[in-house]
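The values are calculated or read from the model by the stated rules, or taken from the named source; none is laboratory data. Fair warning: this is a prediction, and the values are worked out from it, not measured in the lab. Counting neighbours? That spans all protein chains shown, and the Cβs are built from the backbone with ideal geometry, glycine included.
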Amino acid sequence: MYYLGTTKFVKRGIAMSKSVKDILAMIEENGIQMVDFKMVDINGQYRHVTIPAQNFSEDTMKSGIGFDASNYGYAVVEKSDMVFIPDPDTAVIDPFCSIPTLSMTGNAMIIDSPENRPLAQYPRNIIKAAVEYMKNSGVADEMKILPEFEFYLFDNVTWNVEGRQIGFNVDAQQSYWNSDVEGLGVVVPKQKNYHIAKPFDISYECRSEMCMLMKDAGIEINYHHPEVAASGQFEIEPQLGEVVHMADATMMIKYIIHNTALKYGKAATFMPKPVWGEAGSGMHVHMLLFKDGEPVFSDDNGYAHLSKEAHWFMGGLLKHIHSLCAITNPSTNSFKRLIPGFEAPVTVGYATSNRSAVIRIPAYAKAPDKRRFELRNPDATCNPYFCYAAILMAGLDGIKNKIDPHANGWGPYDVNLYHLPEEEKAKLQGLPASLEEALDALEADYAYLTEGGVFPEELIRNFIKAKREECRQLSSIPHPAEYDKYFNL
């Protein structure tokens, strides 16, 4: 990994460790002065506590760092004082600290005597519990996922929410709206940014550096490229990885994107719909299961070469998709992306190479150990640990109950659903139209999440309560577009 000096990046050594002994050696060999512990709140955002490196010891890994879980949004029945136990396998040298800093994430524990036990509501503990539930089911012993990260890079962003003034302003140098400002003609027409090359791709070096830092952090990358929206939309795609590792990687990828963007004088956002009229940003999640090293989802004789278990897994996702949306798309802005057009996945169904269905089977994944499907509705405003765990639990429920997506009328849809006649479109089932609708669905359908004690009921209730309050607050604020519609009536 690297750390950020005053003007350049300087290589500092290895990226990952396996034991306390390795961590202590890493601190010594790399001149580490601070050890940073990154924790995750209920919204999926990093918080952190830092100690001087000389205070780090084997006891730190055993006894942990104390914190107040109630300040992180968790409605804990027990006392809110918890300890954070770092995981040495997540150790990396933080590239964005001028003082050499080692960073680790890990798990939250309840202080019990004589043994601490996992805080059931902590996100990383939930994804680990979901994996354990999968293993105990006998269906599979490993889940691999590939989340695609779409995001915008802006050269300037401001917003104001006051009683007398409400609005925002964003700018991207290469956007079509700067055709009379840029001066060199290096602008991209609206919705024509997909795979655009230099000189129009002005953030190429920024994204390449992001990918190199991800690789240094143990996250392998397939590629990066400009996405559709001309006002600064891009994508970085990592390689398939084990689901707990990829949940950690999702947090680190977002951390690297945000901080590298700032180094280049840009602002990164994973908001699903930051610009009206432009393409939205999603986080499509590819997934496949393995048992004893063999792919569970592969079958040469099945539709799209997928096994019955794969179809049942899809059936579980589609059965629970409305409640899943509250977890995979947990912002009011999420549902400004999930509208027809812009390749938005709004139809409850599955198909091969069809981006208008919620589940898409990529035709290019031909090898048995690569055959998979992607869930296209999630976005990166989610808590990735909750998101991936909920996806796994829904799919396992589908396998357990042999939910056949074809028998339930969910496809396969091998036509562009946006081009169907209106009478045929009316027969299709759509996703929730708002976060409120998704929360209603979660309130009515969450038993599959609590199987095996994976998602605690109190967490689900607290999550719904917090998100309903969020919806209430935002719905009470006048919108600038309302002035355009109603001011002179």
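Among the residues making up segment 265-294, a single one is in a strand (DSSP E or B) and of a type in the set (Lys, Arg): LYS291.
In segment 151-206, of all residues being touching a residue at least 24 places away in the same chain (Cβ under 8 Å) and among the aromatic types (Phe, Trp, Tyr), the one that is surrounded by the most Cβ atoms within 10 Å (Cβ to Cβ) corresponds to TYR152.
Residues of segment 175-212 that are within 24 Å of the chain's Cα centre (by Cα) and either aliphatic (A, V, I, L, M) or not in a loop (DSSP other than H, G, I, E, B) (or both): TYR204, GLU205, CYS206, ARG207, SER208, GLU209, MET210, CYS211, MET212.
Consider segment 98-114 and keep the residues that are β-branched (Val, Ile, Thr) and outside any strand (DSSP E or B). The one that is surrounded by the most Cβ atoms within 10 Å (Cβ to Cβ) is THR105. Applying the condition of being part of a loop (DSSP other than H, G, I, E, B) and under 19 Å from the mean Cα position of the chain (by Cα) to segment 115-144 and asking which residue is nearest to MET26 (Cα to Cα) yields TYR122. Out of LEU428, LEU392, one residue alone is outside any loop (DSSP other than H, G, I, E, B) and under 21 Å from ALA357 (Cβ atoms). It is LEU392. Candidates in segment 331-347 are the residues that are within 17 Å of LYS425 (Cβ to Cβ) and small (Gly, Ala, Ser); of these, the one that is surrounded by the fewest Cβ atoms within 10 Å (Cβ to Cβ) is GLY341.
Taken together, the residues in segment 252-291 that are touching an Asp or Glu at 6+ places or on another chain (Cβ under 6 Å) and polar (S, T, N, Q) amount to 2. Might you let me know whether segment 308-330 holds any residue that is more than 20 Å from ASP445 (Cα to Cα), hydrophobic (A, V, I, L, M, F, W, C) and surrounded by fewer than 21 Cβ atoms within 10 Å (Cβ to Cβ)? The answer is no, given that none of the residues of segment 308-330 is more than 20 Å from ASP445 (Cα to Cα), hydrophobic (A, V, I, L, M, F, W, C) and surrounded by fewer than 21 Cβ atoms within 10 Å (Cβ to Cβ).
For segment 428-437, the criterion of being surrounded by fewer than 16 Cβ atoms within 10 Å (Cβ to Cβ), hydrophobic (A, V, I, L, M, F, W, C) and assigned by TED's automatic domain parsing to the domain that holds HIS322 is met by at least one residue. Anything in segment 209-251 that is among the charged types (D, E, K, R) and closer than 21 Å to GLN173 by Cβ? List them, or say none. Matches in segment 209-251: GLU209, GLU227, GLU235. Count of segment 405-424 residues, restricted to those that are under 27 Å from the mean Cα position of the chain (by Cα) and either in a loop (DSSP other than H, G, I, E, B) or at positive phi (or both), is 6. Among the residues making up segment 446-489, those that are in a loop (DSSP other than H, G, I, E, B) and under 20 Å from THR332 (Cα atoms) are SER476, ILE477, PRO478, HIS479.
Just to verify a result, which residue in segment 353-380, among those that are touching a Pro at 6+ places or on another chain (Cβ under 7 Å) and in a strand (DSSP E or B), is farthest from TYR255 (Cα to Cα)? Restricting to residues being touching a Pro at 6+ places or on another chain (Cβ under 7 Å) and in a strand (DSSP E or B), the top hit is ALA357.
Can you confirm whether segment 312-330 contains a residue that is in the same structural domain as GLU469 (by TED's automatic domain parsing), part of a loop (DSSP other than H, G, I, E, B), more than 21 Å from MET143 (Cα to Cα) and not polar (S, T, N, Q)? There is at least one residue in segment 312-330 that is in the same structural domain as GLU469 (by TED's automatic domain parsing), part of a loop (DSSP other than H, G, I, E, B), more than 21 Å from MET143 (Cα to Cα) and not polar (S, T, N, Q). A single member of ALA229, ALA267 is crowded, with 22+ Cβ neighbours inside 10 Å, more than 23 Å from ILE126 (Cα to Cα) and out of contact with any Lys or Arg (no Cβ under 6 Å at 6 or more places or on another chain), and it is ALA229.
Return yes or no: is PRO95 touching a Phe, Trp or Tyr at 6+ places or on another chain (Cβ under 6 Å), in the same structural domain as GLU29 (by TED's automatic domain parsing), buried (at least 20 other Cβ atoms within 10 Å of the Cβ) and under 18 Å from ILE27 (Cβ atoms)? It is true that PRO95 is touching a Phe, Trp or Tyr at 6+ places or on another chain (Cβ under 6 Å), in the same structural domain as GLU29 (by TED's automatic domain parsing), buried (at least 20 other Cβ atoms within 10 Å of the Cβ) and under 18 Å from ILE27 (Cβ atoms).
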